[in-house]
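Asker: I have a structure here, written as structure tokens, and I will follow up with some questions on it.
The values are calculated or read from the model by the stated rules, or taken from the named source; none is laboratory data. A quick note: this is a predicted structure, and the numbers were derived from the prediction, not measured. Backbone-built Cβ (ideal geometry, glycine too); neighbour counts: all protein chains shown. When the accessible area is computed, the model is the full protein with side chains, heavy atoms only, and any ligands, DNA or RNA have been set aside. Shrake-Rupley method; radii C 1.70, N 1.55, O 1.52, S 1.80 Å.
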Amino acid sequence: MLSIDQPSITGANRTTISDARSCQQWLAALPLTNASAAHGELQLQLDLLNHTSALSGIERWRILEQLRESIQFVQGEIAKRYVSKAMPLEPNELAIWKKVLALWQAFTQGYLICLQNYEDNDKALAPHAPHIFQRILRLCGQQMLEYQHLYQSVPDTLWRQLHKTYAQAEAAGLARTPLVDPLNRMVEATRAESAYVHALLLDLADPFHFNAKHIDQVDRWLDKWASRVTLQMESLAVRPEIRLPELVVDLNKGKGLRPLKPGDKGAQLRYIDLSLLAATLAKRIRHLRKGGEPAE
């Protein structure tokens, strides 16, 4: 079982989302044109949902899926108030950043509760299990992106949550199950492994050297590129046609990819295969060198 810390909710007579139908009605009245108000309402409802045990696993899943697009939109609007601002942030900007991070954390926790229900043998969630893993991994990546926007190191605990979730997906045989993510318009099908790779590669890109616009651009590209990368349990065969560094991730460590060292071995290591992505990028570089249009 996963360990879920339930938030403490105070206050009486709160308007609460109780099922998928009431969620749809609640969303229809959400003031998306007032991002601050909508953000506060979303945070409150997620805290209440994470606190209640009255919901079935499948009903919680349906509610979270309905909330995804609105949360993504509102978070993006609120983040504009601190992204690209001079560092260190002003106190009010830092407070906004903390609110954005808190909402991602609450949303992640909602899916972690669904994962716990699934692992407790909730059969109704079985068809959605690959999606649950993918959502958690992508939300961990969203949290990491917020730290990268402020040029801060990703906390060890967040890395460990990312690795743990991927290991669980892998153990369940669901890491590579094809699925559709309506919020990823770059590919027709993705998988939990791709969401994990996305976070690993964004960190590997060393975003501390980018401005916020470039960080977000790489993040968008990785929605597509991550699907062309896989993780293996054994060291990769050297491919002479494409010279790539050998990189590994240790599922037991609170960090991302690193160069393979002599003597590295163990069941906790995963070897990243970048050959397909490298070939794709090489093809595009050749296209540009020959005078091809960038839009192509």
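Asker: How about the range 47-68: which of its residues are of a type in the set (A, V, I, L, M) and in a helix (DSSP H, G or I)?
Answerer: Hits for the range 47-68 are Leu48, Leu49, Ile58, Ile63, Leu64, Leu67.
Asker: Further, regarding this structure: Quick one: is Gln66 surrounded by fewer than 20 Cβ atoms within 10 Å (Cβ to Cβ), of a type outside the set (Lys, Arg), in contact (Cβ under 8 Å) with a residue 24 or more places away in the chain and farther than 21 Å from His149 by Cα?
Answerer: Numbers: surrounded by fewer than 20 Cβ atoms within 10 Å (Cβ to Cβ): yes; of a type outside the set (Lys, Arg): yes; in contact (Cβ under 8 Å) with a residue 24 or more places away in the chain: yes; farther than 21 Å from His149 by Cα: yes.
Yes.
Asker: Residues being closer than 13 Å to Ile136 by Cβ, open to solvent by 40 Å² or more (accessible area, probe 1.4 Å) and part of a helix (DSSP H, G or I): count how many of those fall in the range 161-185.
Answerer: The number of residues fulfilling the criteria is 2.
Asker: Report, by residue number, each residue of the range 95-114 that is closer than 17 Å to Gln161 by Cα and either within 15 Å of the chain's Cα centre (by Cα) or surrounded by fewer than 19 Cβ atoms within 10 Å (Cβ to Cβ) (or both).
Answerer: Those that are closer than 17 Å to Gln161 by Cα and either within 15 Å of the chain's Cα centre (by Cα) or surrounded by fewer than 19 Cβ atoms within 10 Å (Cβ to Cβ) (or both): Leu101, Ala102, Leu103, Trp104, Gln105, Ala106, Phe107, Thr108, Gln109, Gly110, Tyr111, Leu112.
Asker: Picking from Asn92, Asn13, Asn34, which residue would you name as being at pLDDT 95 or above, more than 23 Å from Leu183 (Cβ to Cβ), open to solvent by 20 Å² or more (accessible area, probe 1.4 Å) and of a type in the set (S, T, N, Q)? Step through it out loud before you land on a result.
Answerer: Working: Asn13 fails: at pLDDT 95 or above; Asn34 fails: more than 23 Å from Leu183 (Cβ to Cβ).
After applying the criteria, what remains is Asn92.
Asker: Okay, moving on. Could you list, in sequence order, all residues of the range 69-89 that are open to solvent by less than 40 Å² (accessible area, probe 1.4 Å) and within 17 Å of Cys23 (Cα to Cα)? Break it down stepwise before answering.
Answerer: Step one: list which residues in the range 69-89 are open to solvent by less than 40 Å² (accessible area, probe 1.4 Å), which gives 70-71, 74-76, 78-79, 82-83, 89.
Within the range 69-89, Ser70, Ile71, Val74 meet the criteria.
Asker: Taking only the range 197-215 into account, find how many residues are open to solvent by less than 40 Å² (accessible area, probe 1.4 Å), under 26 Å from Tyr82 (Cα atoms) and assigned to a helix (DSSP H, G or I). Reasoning before the result, please.
Answerer: Of the range 197-215, the ones open to solvent by less than 40 Å² (accessible area, probe 1.4 Å) are 197-202, 205, 207, 212, 215.
Now restrict to residues that are under 26 Å from Tyr82 (Cα atoms): 198-202, 205, 207, 212, 215.
Now drop any that are not assigned to a helix (DSSP H, G or I), which leaves 198-202, 207, 212, 215.
Count: 8.
Asker: Only one of (1) loosely packed, with under 15 Cβ neighbours inside 10 Å; (2) at pLDDT 95 or above; (3) not aliphatic (A, V, I, L, M) is not met by Glu293, so which one is it?
Answerer: Only one criterion is unmet by Glu293, namely (2).
Asker: Something else: Restricting to the range 271-296, count the residues that are part of a strand (DSSP E or B) and either more than 23 Å from the chain's Cα centre (by Cα) or free of Cβ contacts under 8 Å to residues at least 60 places away in the same chain (or both).
Answerer: 2
Every residue, every condition in (1) at pLDDT 95 or above; (2) among the small types (Gly, Ala, Ser); (3) assigned to a loop (DSSP other than H, G, I, E, B); (4) closer than 19 Å to His163 by Cα, yes or no:
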{"residue": "Leu222", "(1), (2), (3), (4)": "yes, no, no, yes"}
{"residue": "Leu231", "(1), (2), (3), (4)": "yes, no, no, yes"}
{"residue": "Pro245", "(1), (2), (3), (4)": "no, no, yes, no"}
{"residue": "Val248", "(1), (2), (3), (4)": "yes, no, no, yes"}
{"residue": "Gly254", "(1), (2), (3), (4)": "yes, yes, yes, yes"}
{"residue": "Lys261", "(1), (2), (3), (4)": "no, no, yes, no"}
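Asker: Okay, moving on. Do we find that Lys224 is within 16 Å of the chain's Cα centre (by Cα), open to solvent by 30 Å² or more (accessible area, probe 1.4 Å), over 21 Å from Ala79 (Cβ atoms) and basic (Lys, Arg) in this structure?
Answerer: yes
Asker: Follow-up question, since we're still on this one. Among the residues of the range 186-196, count how many are open to solvent by 30 Å² or more (accessible area, probe 1.4 Å) and in contact with a Pro (Cβ under 7 Å, 6 or more places away or on another chain).
Answerer: 2
Asker: Being open to solvent by less than 20 Å² (accessible area, probe 1.4 Å) and not hydrophobic (A, V, I, L, M, F, W, C) is the filter; apply it to the range 143-160 and report the residue that is nearest to Asn211 (Cα to Cα).
Answerer: In this case the residue turns out to be His149.
Asker: Output the residues belonging to the range 77-106 that are in contact with a Lys or Arg (Cβ under 8 Å, 6 or more places away or on another chain) and in contact (Cβ under 8 Å) with a residue 60 or more places away in the chain.
Answerer: Listed by number, the list holds a single entry, Ser84.
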